[in-house]
Structure formats: structure tokens, C-alpha cells
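Working notes, beginning with the structure itself.
The values are calculated or read from the model by the stated rules, or taken from the named source; none is laboratory data. Model, not experiment: these values are computed from the prediction. In this analysis, Cβ positions are derived from the backbone assuming ideal geometry, glycine residues included, and neighbour counts consider all displayed protein chains. The area values use the complete protein model at the heavy-atom level, side chains included, leaving out ligands, DNA and RNA. Shrake-Rupley method; radii C 1.70, N 1.55, O 1.52, S 1.80 Å.
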Amino acid sequence: MPHLARRTVLLGMGASALAACASQPVTMTALPLARPFPKVLSQRDRITRTVVGLRPFRPQGFRLEAERFGDKTVIHNYGHGGCGVTLSWGTSQRAAVMAGETGRLDVAILGGGVMGLTSALILARRGHAVTVYAELMHPNTTSNIAGALWLPSSLYDRDVASEEFLRLNWQVTREAHRGFLPYVNRPGYGVSWVQHSEVSNRVRDPRWALPGGDDLYPDLDVRTTETRFGFPYEERYHAMMIDPDYYLDMLMKDAQLAGAKFIARRFETLEEVLALPQPVVANCTGLGAAKLFGDETLMPIRGQLSHLLPQPEIDYSYTAPGTGGALYMFPRKTGLVLGGSHGRGDFSMDVSEEELTRMIDGHAALAERAAFSTWVPN
Ligand SMILES: Cc1cc2nc3c(=O)[nH]c(=O)nc-3n(C[C@H](O)[C@H](O)[C@H](O)COP(=O)(O)OP(=O)(O)OC[C@H]3O[C@@H](n4cnc5c(N)ncnc54)[C@H](O)[C@@H]3O)c2cc1C
């Protein structure tokens with residue numbers, strides 16, 4: 001029973017019994033604090049809103065590099081697919097180092113999503129004069145739509161990404177994790193640990209290390225018995241859960257406090273970008289980089305999330321197989337987030353009724369499987 005804490009205890013006994021114990025400890029199983037598994041109430045009448053967003057995906061992975069245009073340097077930091085929030089501290093820190101290496105103080109940042117805001121904060125704190133230009137600002141960016149579990153996923157295609165990218169990504173993932181840690185439980189930032197389960201119908205044997213290394217996933221527990229929902233395989237660990245509405249709000253305020261200025265503006269052409277007064281431009285335009293910088297490899301992976309009324313008793317999250325694709329549930333203070341849709345190449349921003357039904361029915365079916373489990377909180 002891998003999830004039961006075991007304690008070795010010495011009970012009140014005579015000296016001889018104690019001596020016996022010294023050679024043969026009495027192992028007692030702590031009483032399991034099992035309670036009925038708290039079920040997600042996946043019902044249409046509990047939906048508070050359904051939102052759609054487009055993940056900025058590149059099959060070869062994110063773009064993180066400096067490009068020269070005459071006397072201007074553009075630092076690209078876009079194309080993070082389904083894990084831009086996750087990787088934000090990693091790639092933005094590296095982009096900030098590239099900006100520093102130009103030796104110029106004035107920096108324009110294009111984009112007010114998680115990548116633009118993180119870059120603005122880092123650069124402003126390093127003494128740069130930062131101006132953020134964006135068509136859409138918090139709370140209206142794709143970053144506000146994100147789930148947002150700290151987990152690198154939907155980032156690249158394995159058969160396309162180079163070995164060089166995979167090595168970079170491994171390091172960036174570790175740096176990104178380090179960047180987020182100071183925010184866990186910091187009042188107002190909406191970042192906390194959650195016990196996450198990745199369940200599967202297939203036993204992963206051999207099991208590959210989790211992205212960035214297993215040590216980034218505290219309490220990692222690989223199970224083939226007593227799994228969540230009774231699936232054949234489970235990877236259970238603690239992961240950081242980020243509520244983007246809280247987090248981006250604080251990030252923007254922190255950047256403003258550090259001196260960053262914000263200007264609402266849409267750029268139609270590269271020429272408009274190059275006409276900016278700043279000699280250094282950080283390109284954090286997400287999917288917008290396709291048109292602005294002619295990146296034909298950038299494509300959307302459409303995602304649809306339904307937010308349900310809060311259930312404070314739900315203190316776990318999961319990703320599970322479902323009919324027609326994956327399903328995930330992330331708990332927040334403000335409600336439960338149901339997701340898992342991945343529409344590659346799909347630009348539609350309309351709510352899909354079919355997908356909504358798949359979510360509600362799929363999560364309800366998982367909750368029914370949970371009826372046969374007990375739940376031992378960590
Ligand atoms: C349904 C869904 C679930 C997700 N779940 C997760 C998750 O669990 N974990 C995770 O880490 N990530 C998740 N993501 C992915 C994450 O949201 C993205 O990777 C991330 O938001 C990308 O951030 P960004 O700052 O690069 O882009 P964005 O947030 O899209 O910001 C781009 C900015 O650039 C501006 N811009 C673009 N073009 C122009 C232009 N021409 N002129 C002026 N401004 C322009 C925009 O207005 C905006 O301000 C999810 C995404 C979706 C859609």
C-alpha cells in the first residue's frame with residue numbers, strides 16, 4: 001500500500017520487551033485517513049463560463065534567439081505551445097540576458113501576455129527602460145485563458161525537434177521551475193502546490209524521466225495499483241498550479257512598480273516594429289509572430305475550457321484519457337477548470353457544443369469511477 005504512511009513506534013512496555021524491540025522494531029501502520037473520494041460535480045448547470053484560446057505551437061519548439069535588423073536587435077521569445085506559463089521564467093530570463101548583451105538600455109517589449117510581462121519585470125528590475133506595446137493586455141490575452149498547471153506539455157513534435165532544442169528545453173525547464181518557486185503561496189499571486197495525477201491506460205515501461213528531471217516533481221509516486229480512477233498506470237506528484245488571473249495581475253503590477261510603461265498598440269507590419277525608437281525589441285507576440293515576423297511554422301492548437309462553480313473539497317488535479325481525447329481538471333479558489341481539448345491548426349474561437357458535452361460527460365464518468373476509490377490526502 002504505497003500511499004500509507006508507516007510509523008515505527010515503541011509502545012509503553014517493560015525493559016525486556018523494549019530490548020526485543022531494539023532488534024525487531026514493531027511496525028505499525030498509521031490509521032489511514034481515508035475519506036470518500038471527493039467527486040467533481042461535472043454538470044452543465046454548474047458551468048460559470050466556457051472559454052477558448054489558441055496555444056502558439058511550433059513543431060520544432062519555441063523560438064528563443066536574437067535577430068539583427070540594421071541597427072536594431074529583435075529578441076524572439078515566442079511559440080511555447082501548451083506550456084507558455086510553465087516556461088515563462090526560463091525563456092524570459094534568457095531573453096533578458098540577450099537584451100543585456102546588446103549594451104543598450106531602452107527596450108521595447110511586444111506583447112502583454114505571460115512572456116511579455118515576465119520579460120518586462122526582469123528587464124525593468126535590471127535597470128532597463130522598458131516599454132510594453134501590446135494589442136491586448138491582461139486580462140484579455142491567451143495567457144489569461146491558460147489552465148495553468150506547471151507542466152511542460154504540447155510544446156514540440158518529437159520527430160521534428162532537434163537534439164539541440166531538446167537539450168536547451170531541458171535546461172530552460174529547470175530554470176523556469178526555479179523562477180516560479182518563490183511565488184508558491186505568496187499572498188495574492190495565485191500559485192500553490194497541488195497533488196496531480198497523470199493516469200493512463202498504458203503502463204509506461206520503461207518510464208522516461210519527467211520533463212526537466214524527476215526532481216522537479218516532488219513526491220513522485222509511480223503506481224500500477226490503487227491508481228486514481230482505477231487506471232492501469234498513474235504518475236502522481238506535486239505540481240505548481242497557477243491561477244493566471246491572479247498571477248498576471250500581480251506580474252503586471254510588479255512590472256509597473258519596477259518602472260515598465262504600457263502602451264496599447266497593434267502592429268500590422270514588421271516595418272512598424274522597426275520604426276520604434278527603442279534599439280532593442282523583445283518579441284513576445286505569441287501566435288501574432290506568424291504574421292508580424294513571417295513565421296510559417298507557427299500554428300494554433302485550439303483549447304476550450306469550462307469553468308465550474310468552486311468545490312473547496314477538491315484538493316487534487318488530474319489528466320486522464322477520455323473518449324475523443326484527453327481530459328484534465330485543475331482546481332482553483334474561484335472554481336474548477338475542465339479542459340483537455342487540442343485542436344491542431346484550428347483557428348475557431350467559437351465555443352464548440354460537441355466539445356463541451358465531451359468535457360462534461362467525460363469528467364462525470366471519471367467521477368463515477370472515483371466512487372469505488374477511497375482517498376488518502378497527503
Ligand atoms: C486552453 C489552454 C490551456 C492552456 N493550459 C496551459 C497550462 O496548463 N500550462 C501552461 O504553461 N500553459 C498553458 N497554455 C499555454 C499558454 O497559455 C501559452 O503558451 C501562453 O499564454 C503564451 O504566452 P505568450 O505571452 O507568448 O502569448 P499571449 O498570451 O498570446 O500574448 C501575446 C501578446 O502579444 C500581443 N500581440 C500579438 N500580436 C500583436 C500585434 N501584431 N501587435 C501588437 N500586439 C500583438 C497580444 O495582444 C498579447 O498581448 C494553455 C493555453 C490554452 C489556450
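Tabulated data
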| read-out | value |
| --- | --- |
| Identity of the residue in segment 343-378, within 16 Å of the ligand (Cβ to nearest atom) and either at pLDDT below 95 or of a type in the set (Lys, Arg) (or both), that ends up nearest to the chain's Cα centre (by Cα) | ARG344 |
| Hits in segment 318-372 (condition: of a type in the set (Val, Ile, Thr), buried (at least 16 other Cβ atoms within 10 Å of the Cβ) and closer than 15 Å to HIS307 by Cα) | VAL337, ILE360 |
| Residue match in segment 309-325 (condition: in the same structural domain as SER42 (by TED's automatic domain parsing), near the ligand (Cβ under 8 Å from one of its atoms), of a type outside the set (S, T, N, Q) and under 21 Å from the mean Cα position of the chain (by Cα)) | no |
| The listed residue being on the phi > 0 side of the Ramachandran plot and assigned by TED's automatic domain parsing to the domain that holds GLU198, out of GLY303, GLY340 | GLY340 |
| Tabulated pairs, segment 145-167, first closer than 17 Å to LEU64 by Cα, second open to solvent by 40 Å² or more (accessible area, probe 1.4 Å) and within 16 Å of the ligand (Cβ to nearest atom), C-beta under 6 angstrom, 6+ apart or interchain | PRO152/PRO211; VAL160/GLN60; ALA161/GLN60 |
| Residue ranges of strands (runs of 3 or more DSSP E) in segment 163-269 with at least 2 members open to solvent by 40 Å² or more (accessible area, probe 1.4 Å) | 191-200, 261-264 |
| Meets criteria (in contact with a helix residue (DSSP H, G or I) (Cβ under 6 Å, 6 or more places away or on another chain), in the same structural domain as ARG44 (by TED's automatic domain parsing), among the aromatic types (Phe, Trp, Tyr) and modelled with pLDDT of 95 or more) for PHE293 | no |
| Residue pairs meeting the criteria (Cβ under 7 Å; at least 6 apart or on separate chains; first more than 16 Å from ASN140 (Cα to Cα), in segment 241-268; second among the small types (Gly, Ala, Ser) and part of a helix (DSSP H, G or I)) | ALA255/ALA120; ALA255/ALA124; ALA258/ALA124; GLY259/ALA124; ALA260/ALA120; ALA260/ALA124 |
| All positions within segment 270-303 that are in a strand (DSSP E or B) and near the ligand (Cβ under 10 Å from one of its atoms) | ASN283, PRO300, ILE301, ARG302, GLY303 |
| Qualifying residue in segment 75-82 (condition: in a loop (DSSP other than H, G, I, E, B), open to solvent by 60 Å² or more (accessible area, probe 1.4 Å) and either of a type outside the set (Phe, Trp, Tyr) or away from the ligand (no atom under 11 Å from the Cβ) (or both)) | no |
| Enumeration of residues in segment 83-95 that are among the basic types (Lys, Arg) and either under 24 Å from LEU54 (Cβ atoms) or open to solvent by less than 10 Å² (accessible area, probe 1.4 Å) (or both) | none |
| Enumeration of residues in segment 131-162 that are among the small types (Gly, Ala, Ser), part of a loop (DSSP other than H, G, I, E, B) and surrounded by 23 or more Cβ atoms within 10 Å (Cβ to Cβ) | ALA146, GLY147, ALA148 |
| Test: residue in segment 111-124 that is part of a loop (DSSP other than H, G, I, E, B), surrounded by fewer than 22 Cβ atoms within 10 Å (Cβ to Cβ) and of a type outside the set (Ser, Thr, Tyr) | no |
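One line per residue, one yes/no per condition, for (1) over 14 Å from ALA255 (Cα atoms); (2) in contact with a helix residue (DSSP H, G or I) (Cβ under 8 Å, 6 or more places away or on another chain); (3) within 11 Å of the ligand (Cβ to nearest atom):
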{"site": "GLY84", "(1), (2), (3)": "yes, yes, yes"}
{"site": "LEU87", "(1), (2), (3)": "yes, yes, yes"}
{"site": "SER92", "(1), (2), (3)": "no, yes, yes"}
{"site": "VAL97", "(1), (2), (3)": "yes, no, no"}
{"site": "THR102", "(1), (2), (3)": "yes, no, no"}
{"site": "LEU105", "(1), (2), (3)": "yes, no, no"}
{"site": "GLY112", "(1), (2), (3)": "no, yes, yes"}
{"site": "ARG125", "(1), (2), (3)": "no, no, no"}
